[in-house]
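Notes follow once the structure below has been shown.
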Amino acid sequence: MKSRSMCVCFAAFCFAAVTWAAPEESQSLSQIVAKLGSLPRVTETPHRMADSTAALCKIVYNTNIHEGAGDPAYCHVHVTENAKTTLLSGEGSYPVGTVIVKAKLENEKSREATLYTVMRKREAGYDAEHGDWEYAVLDGRTKRIQSRGRIDSCMDCHQQYESTDFVTRAYLKSR
Ligand code: HEC
């Protein structure tokens with residue numbers, strides 16, 4: 001009887017250890033995006049995206065029926081609390097578990113995003129050559145993941161920002 005209860009205790013401990021480990025990673029990207037309001041936002045006003053980014057977004061995402069036709073596009077950027085200092089300073093590399101979300105807006109006044117693009121810092125070795133970032137695209141309305149992983153088209157462009165750990169910081173007023 002005693003050993004049985006010890007077994008139960010051990011199982012409970014294991015369960016707790018697994019669910020408590022790396023909370024950011026155990027949360028799905030859809031959940032994070034659904035509660036975006038709870039993540040610090042680093043853009044005071046919507047940032048006007050560079051035309052080339054907006055155009056490229058269109059080519060990449062032309063299958064998305066929620067995509068707005070309006071150009072130029074705007075965006076807001078949110079980051080997890082653990083990485084706010086790194087993003088604002090542009091110094092050092094981002095801690096594992098960092099999630100950066102770019103919410104693409106159809107125009108300056110939109111309150112709803114048409115699309116979310118996400119970068120999540122994974123464990124060392126996930127993709128060492130490209131800073132161990134996982135990229136993802138989520139639908140604006142349903143918050144469902146459309147694609148995620150080591151997405152070549154994302155990495156190709158973000159490669160030029162290697163000196164700031166592949167993060168552009170283009171929307172910050174003081175860079
Ligand atoms: C043509 C170049 C280009 C491509 C391709 C591209 N990005 Fe970006 N990305 C940018 C630029 C420029 C910004 C800064 C905001 C802006 O002006 O759009 C940015 C910002 C971001 C940010 C905010 C963090 C940061 O780096 O400042 C995320 C997250 C992001 N992109 C994810 C993605 C994902 C996911 C993909 C692939 C589906 C992707 N990007 C493809 C150029 C690109």
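Write out, first by first residue and then by second, each pair whose Cβ atoms fall under 7 Å of each other, whose residues are 6+ apart or on separate chains, and whose first residue, in segment 79-96, is more than 22 Å from K35 (Cα to Cα) while the second is at pLDDT below 95 and basic (K, R).
Matching pairs, first to second residue: G90/R175.
Okay, residues lined up against (1) open to solvent by 20 Å² or more (accessible area, probe 1.4 Å); (2) within 8 Å of the ligand (Cβ to nearest atom):
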| site | (1), (2) |
| --- | --- |
| Y135 | no, yes |
| G140 | no, no |
| Q146 | yes, no |
| S153 | yes, yes |
| Q159 | yes, no |
| S163 | yes, no |
| F166 | no, yes |
| K173 | yes, no |
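Could you run through segment 103-113 and say how many residues are surrounded by 22 or more Cβ atoms within 10 Å (Cβ to Cβ) and under 16 Å from R144 (Cα atoms)? Step through it out loud before you land on a result.
Step one: list which residues in segment 103-113 are surrounded by 22 or more Cβ atoms within 10 Å (Cβ to Cβ), which gives 103-105, 113.
Filter once more, so that each one left must be under 16 Å from R144 (Cα atoms): 103-104, 113.
The qualifying residues number 3.
Output the number of the condition that C57 fails; it satisfies all remaining conditions of (1) of a type outside the set (G, A, S); (2) within 9 Å of the ligand (Cβ to nearest atom); (3) assigned to a strand (DSSP E or B); (4) modelled with pLDDT under 95.
Of (1) of a type outside the set (G, A, S); (2) within 9 Å of the ligand (Cβ to nearest atom); (3) assigned to a strand (DSSP E or B); (4) modelled with pLDDT under 95, only one is false for C57: (3).
Test V101 against the criterion of being in a loop (DSSP other than H, G, I, E, B) and within 12 Å of the ligand (Cβ to nearest atom), and give yes or no.
No: the conditions fail for V101.
The values are calculated or read from the model by the stated rules, or taken from the named source; none is laboratory data. From a predicted model like this one, the values you see are computed outputs, not experimental measurements. Positions of Cβ are backbone-derived with ideal geometry, glycine not excepted, and every protein chain shown enters the neighbour counts. Ligands, DNA and RNA are excluded from the accessible area calculation, which covers all protein heavy atoms including side chains. Shrake-Rupley method; radii C 1.70, N 1.55, O 1.52, S 1.80 Å.
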